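Take a look at the structure set out below.
The values are calculated or read from the model by the stated rules, or taken from the named source; none is laboratory data. Just so it is clear, the structure is predicted and the values come from calculations on it, not from any experiment. No Cβ is skipped: glycine too gets one built from the backbone with ideal geometry, and neighbour counts run over all protein chains shown.
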Amino acid sequence: MADYDVAIVGGGLLGSAFGWGLARAGARCVVFDEGDNAIRTARGNFGLVWVQGKGQNMPAYASWSLRASRLWGDFATELCEATGINLQYVKGGYDIAADEQELEQTIAGLKKIQAQMGGAAYDFEVLDHKVLKSEIPLVGNIPGATYTEHDGHCNPLLLLRALHQDMQAKGALYRPNCPVASVNPLSGGSYQLLDRSGNVLATAGKVIVSAGHGSRRLNEPLGIDLPIRADQGQVLVTEKVAPVMKHASSSVRQTDNGSFLLGPSSKDVGHDTRTDLKTLAAIASRCITIFPFLGSLRLQRAWGALRVMTPDGNPVYQQSEAHPGVFSFACHSGVTLAAVHAFEVASWVTDGVIPAEFGVFHPRRFNV
Amino acid sequence: MFRRGQEIANPVRFKFNGQTITSEDGDTIAAALLAAGVTHFRTAPEDASNRGPLCMIGNCFECLVDIKGKGSRQACRERVVEGMSVRSHPGLVVPKAQP
Ligand SMILES: Cc1cc2nc3c(=O)[nH]c(=O)nc-3n(C[C@H](O)[C@H](O)[C@H](O)COP(=O)(O)OP(=O)(O)OC[C@H]3O[C@@H](n4cnc5c(N)ncnc54)[C@H](O)[C@@H]3O)c2cc1C
Ligand code: FES
């Protein structure tokens, strides 16, 4: 018998949500992760639970994000009750436009998604400058924003910590500094996970490859195609000030401790997490157009991180045909989708099959 | 807690919360305050605890002070200037609209 029901490669936002969901459902699981020098998107993101604008080219992704956001409140509450860690989740979010053209584009995009989804479920409000200013008095002279209750923000580092803490409390084994070099199918249908020297780290009935940018290397020998690239995002952090805005916007949010996060940018620069002045200046400039007072705040730090990006920006969920115990999952928006990953995707793995309605997320869509 | 290794040769005087501090020319504000026995630089907005320098190399932001005419600054990254007026960092400042 295998050591574990499920072995998960990668302890980032995806792997941790699966590990927690599986442990919560009583599965015996182990999560392998790397150390502090690895590329770890889970530690560099913006902390939005975001629906607005997602799935313009795939309605199924819009519904999926909406479903995640509906579950997020319960998800945050359950984690907080189990761990005592308050994820600082606040519902409601703006997409604030820096100029007229941005606002028109945002509204057109949301209307398109709304039409594809048959209307009612996908609600949003358009706030003109006056209404927005009455909600956030420090907003600059900009045309307005869109707002929905489905969006929100949280502290993504506390989310990761809570998932790690509680999956272990629920019996999962978390193994940091323990990179998996390969997954080896055994004749009885289970799998061996090996380290670089060929030592067996564990055997498991099923394997989830959710190693972010490390996934391709593990998938290739198994014949699993995972078309992902790195999309770099840079983020700026200001000094802490008194509360100005409770709700997040997609490019500016104030954290629970008073700092503002500005960003994130989006650029294809390969596996490079360095920040550069030009990108940071562009982020700051747009955010100051929206909130002029930000120009008077001191910056405390900046960072770059790498989004896991598929060719169409939508998630990839797949089960290997040759090795049906191996699942390979990758996506952007791992914070947002954490709730569905924990509550729903984890059970696809225990059931051993991805439900047909989620077939749209298979990467075969890129080969037509 | 801290002692100067050498006598002050080129004194520079500045004020911290109204009290005159004598320091060595070239000191950072953080070094000057620590040498004068000050360890409480600011009150943390998160939990109202007393905070002072931790890293002394510009990384941790524990040493924030309010310099008259400049605003919020890291004390470990600013040199003392004769006659300057420094106060404890006031915690959460309410941002003002910019013209
Ligand atoms: C700038 C930026 C802003 C973002 N903002 C948001 C946001 O606001 N909202 C949102 O929902 N999402 C956001 N994201 C996306 C979100 O952070 C990612 O979707 C999420 O982190 C991806 O999770 P992951 O588990 O796939 O990858 P990661 O978080 O990178 O985790 C992968 C883990 O696998 C480990 N690993 C790799 N190879 C191996 C191996 N061989 N063996 C063992 N372990 C291995 C790595 O060390 C790492 O810990 C943002 C991303 C960026 C870059
Ligand atoms: S003491 Fe750390 S930033 Fe000044």
For this session: State whether one or more residues within the range A:308-324 are within 15 Å of ligand 1 (Cβ to nearest atom), touching a Gly at 6+ places or on another chain (Cβ under 9 Å) and farther than 30 Å from A:D74 by Cβ.
Result: no
Seminar exercise, completed: Exception for A:V51 within (1) under 24 Å from A:S347 (Cα atoms); (2) of a type outside the set (G, A, S); (3) near ligand 1 (Cβ under 6 Å from one of its atoms) falls at (3)
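Listed here are the residues, each with its yes/no results for (1) more than 11 Å from ligand 1 (Cβ to nearest atom); (2) farther than 30 Å from A:P363 by Cβ; (3) crowded, with 18+ Cβ neighbours inside 10 Å.
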| site | (1), (2), (3) |
| --- | --- |
| A:L194 | no, no, no |
| A:V200 | yes, no, no |
| A:R217 | no, no, no |
| A:L222 | yes, no, yes |
| A:T255 | yes, yes, no |
For this session: Could you list, in sequence order, all residues of the range B:56-74 that are in contact (Cβ under 8 Å) with a residue 24 or more places away in the chain and either hydroxyl-bearing (S, T, Y) or away from every other protein chain (no Cβ under 13 Å) (or both)?
Result: B:M56
Seminar exercise, completed: The condition of being at pLDDT 95 or above, assigned to a helix (DSSP H, G or I) and farther than 28 Å from A:R253 by Cβ holds, among A:V360, A:V353, A:V345, only for A:V360
Seminar exercise, completed: Every listed condition ((1) in a helix (DSSP H, G or I); (2) more than 14 Å from chain A (Cβ to nearest Cβ); (3) touching a helix residue (DSSP H, G or I) at 6+ places or on another chain (Cβ under 6 Å)) holds for B:L33 save (3)
For this session: Report yes if B:R87 is within 12 Å of another protein chain (Cβ to nearest Cβ), under 17 Å from A:R298 (Cβ atoms) and touching a residue at least 24 places away in the same chain (Cβ under 8 Å), otherwise no.
Result: no
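Among what's in the range B:41-53 and is more than 14 Å from chain A (Cβ to nearest Cβ) and under 12 Å from B:A75 (Cβ atoms), pick the residue that is surrounded by the fewest Cβ atoms within 10 Å (Cβ to Cβ). Spell out the reasoning first.
Within the range B:41-53, the first condition is being more than 14 Å from chain A (Cβ to nearest Cβ), and the residues that meet it are B:41, B:50, B:52-53.
Then drop every residue that is not under 12 Å from B:A75 (Cβ atoms), which leaves B:41, B:52-53.
Values: B:F41: 25, B:G52: 17, B:P53: 22.
Checked the range B:41-53; the qualifying residue surrounded by the fewest Cβ atoms within 10 Å (Cβ to Cβ) is B:G52.
So in the range A:234-250, with the set limited to residues that are away from chain B (no Cβ under 14 Å) and crowded, with 22+ Cβ neighbours inside 10 Å, which one is nearest to ligand 2 (Cβ to nearest atom)? Break it down stepwise before answering.
Initially, the range A:234-250 is screened for residues away from chain B (no Cβ under 14 Å), giving A:234-236, A:246-250.
Checking which are crowded, with 22+ Cβ neighbours inside 10 Å leaves us with A:234, A:236, A:248-249.
Values: A:Q234: 22, A:L236: 17, A:A248: 27, A:S249: 29 Å.
Residue satisfying both the conditions and the ranking: A:L236.
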